[in-house]
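Working notes, beginning with the structure itself.
The values are calculated or read from the model by the stated rules, or taken from the named source; none is laboratory data. Computed from a predicted model, the values in this text were never measured in an experiment. Ideal geometry is used to build each Cβ from the backbone, glycine not excepted, and the neighbour counts take in all protein chains shown. Areas reflect the complete protein model, heavy atoms only, side chains present, ligands, DNA and RNA absent. Shrake-Rupley method; radii C 1.70, N 1.55, O 1.52, S 1.80 Å.
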Amino acid sequence: MPASSKIKRVVLCIVCLLSQEATPRPVEHTLLPTTSTTVTGSGTGMPDHLIWKGGQAVMPMPTEGAWPPPAYVPAYASYRDWDAWYVGNTDRLRDVYNGRGLTSNSLPPSQRVRASQYAGGLVGTLSRWLWGAPPPQGQRDGRLHCPLPADLARTASNLIFSEPPKLTADDVEVQTRLDQLVDDGLNATLLHAAEANSVFGDVYLRPVIDRDIYPDRAFPDVVHADGALPTIRWGHLIEVTFWSTILQEGQTVLRLLEHHDVVGDPGTTRVGRITYALYEGSPTHLGRAVPYTEHPATAYLADLVDAEGSQPTGLDRLDVVRIPNAGPQRLWRTAAGLKHLGQSDFDGNEQWFDSVDEGWTLWMQELRLARARILVPDYMLQSKGPGQGAVFDAERAVFTALNALPDDKGGGSPITMTDFPIRHVEHKATIDALVEVALRHAGLSSQTLGEEGEVAVTATEVQARERQSFTTRGNRITGAWRPGIAKYLELHLAVERAAFRRGPEPILPNVEFGDSVSEAPETVARTLQLLHAAEAISVETKVRTLHPDWDDTQVKQEVDRIKGDQPAPIEVGGALGALAGNDPDEPTGEEAPPGEE
């Protein structure tokens, strides 16, 4: 491609999106992986999706092959497991853990199949995980799922964003736009992103422009790790492909791929761009490229992209920000393409989730088996007729009176009540211990989930009990969320300025996280009173301590009101001296210092 053509495309940038008439279209976009296949023409009537790298035209998306791409298979196998635990659907758990094939590869624990699992009898049953065992024949499946994984992810998210971060900037226009983003729901978006980050290990933030929603500004969008194929180099995101399933009918799957990258050699003009492609394939294969007009949800792309199927972003950098959950990566630490991915809170916890479900299942099974029963002799059973025997309904609670003779010893009624004790204390202690291990593995304290500490305590005591949780919170804020949010907000402003040709100059804002546990008002008031008595605090500091969410104007107004309510000081020095019999004009008798006479 000539350099002049590339420069023209830079000038066009993303404004082409805004020039289109508003038409219904999906807000979520998706991306695609890059290969080094040289394009010579597809012959399918579709754009060749060329990207120039190093002077060669390469194709950023595969046209055939397995899905997901082989390099991402280990990650997506784990994503499938973690998604099943997060959703908590028992049918999905059975589908994920049942019927795993034998493999020699190093896979997550849920995929490590042993030969004994295929054996019958006691050995075959006990060697399986709870959700890997076949359901009992002719009986209801009594296995229960405890929503601990979903609770863990929500708790990890609330620990970071229970109090929204404070966004500030020195520039007035930037501050106004930040406040508008908060009003548009930025905090809720970050809260939901943190929950997905806990599950999958990574989330991606990107600004999206859709005039049907906001005609004059962009809004943030979140893409989960199981909808992305990233290229990460030295821990930094270089390019990423987002994908989504547009339609699935039987074995036919329509996928939209959206590839975000930056083209241009270092030292030259670099152009950020998004390349789209629609593929028709199967659940396990990507398939062939088809026109965007094959589905109404993607028809708008035909008028949006250029001849190469791409849309410039108007930036000289990537328009996506990746936020990892934790690190270092344990599961794929030796895999070149996966070792920089974030660490999921579910990684290594699958066996503990399964054990918690087994504990609840056994507890409920004992509850069913220990229900009250009535034992009767065989002559008291109801006959079903000649040759059909007699029955005893264990689920039956009411029986009709029976005409029966007393026993041989002249005792009472032959009907005996049987009621077995339930070991609820042992079961609860076992489940609590399993939950504690799972939370500790994710970097959380059991008290954070509400296991203990129901009585009111001070914030200092809460932080002492939940030290591990607050340590994890601090590491994730300083290591990922604070710099990630600041970088995204600066990117958001840059996209709006490039797309709408107006707006403030993009700058990195300040992102401040407050304490996730607030002191009780009584405790704060007592502390301020002690500091005031010691004359160690000013009025302004007291107001800021009591109202940490107030801005400078509100604080100043409150300080002025407090000082205005205070009575004017009265000078009583002379009056007290007169009461003591002192004459203010009488010499004190003290000699003047030398040289002053």
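A compact table of results
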item: Residue list for the stretch 519-550, restricted to those being under 29 Å from residue 181 (Cα atoms) and either open to solvent by 80 Å² or more (accessible area, probe 1.4 Å) or touching a strand residue (DSSP E or B) at 6+ places or on another chain (Cβ under 8 Å) (or both); result: 544, 546, 548, 549
item: Only one of 289, 326, 307 that is part of a strand (DSSP E or B), small (Gly, Ala, Ser) and touching a residue at least 60 places away in the same chain (Cβ under 8 Å); result: 289
item: Complete set of residues in the stretch 256-286 that are touching a residue at least 24 places away in the same chain (Cβ under 8 Å), of a type in the set (Gly, Ala, Ser) and open to solvent by 10 Å² or more (accessible area, probe 1.4 Å); result: 264, 281, 282
item: Total residues in the stretch 218-249, condition in a loop (DSSP other than H, G, I, E, B) and open to solvent by less than 10 Å² (accessible area, probe 1.4 Å); result: 1
item: Residue count for the stretch 551-561, restricted to those that are within 39 Å of the chain's Cα centre (by Cα) and open to solvent by 90 Å² or more (accessible area, probe 1.4 Å); result: 2
item: Selection within the stretch 259-295 - closer than 17 Å to residue 69 by Cβ and among the hydrophobic types (A, V, I, L, M, F, W, C); result: 277, 286, 289
item: Among the candidates 365, 351, residue that is surrounded by 13 or more Cβ atoms within 10 Å (Cβ to Cβ), modelled with pLDDT of 85 or more and under 30 Å from residue 198 (Cα atoms); result: 351
item: Residue ID - surrounded by the most Cβ atoms within 10 Å (Cβ to Cβ), chosen from residues in the stretch 171-217 that are free of Cβ contacts under 8 Å to residues at least 60 places away in the same chain and among the acidic types (Asp, Glu); result: 195
item: Checklist (1) at pLDDT below 95; (2) under 23 Å from the mean Cα position of the chain (by Cα) applied to residue 323, failing item; result: (1)
item: Residue, modelled with the lowest pLDDT, within the stretch 441-461, restricted to residues that are surrounded by 15 or more Cβ atoms within 10 Å (Cβ to Cβ) and in a helix (DSSP H, G or I); result: 459
item: Residue within the stretch 540-557 that is at pLDDT 60 or above, over 25 Å from residue 166 (Cα atoms) and hydrophobic (A, V, I, L, M, F, W, C) present; result: no
item: Residues that are open to solvent by 10 Å² or more (accessible area, probe 1.4 Å) and over 22 Å from residue 263 (Cβ atoms), drawn from the stretch 288-301; result: 288, 291, 293, 294, 295, 296, 297, 299, 300
item: Tally of residues being touching a Gly at 6+ places or on another chain (Cβ under 8 Å) and open to solvent by less than 40 Å² (accessible area, probe 1.4 Å) across the stretch 302-321; result: 7
item: Residues within the stretch 326-342 that are at pLDDT below 90 and more than 30 Å from residue 154 (Cβ to Cβ), tallied; result: 2
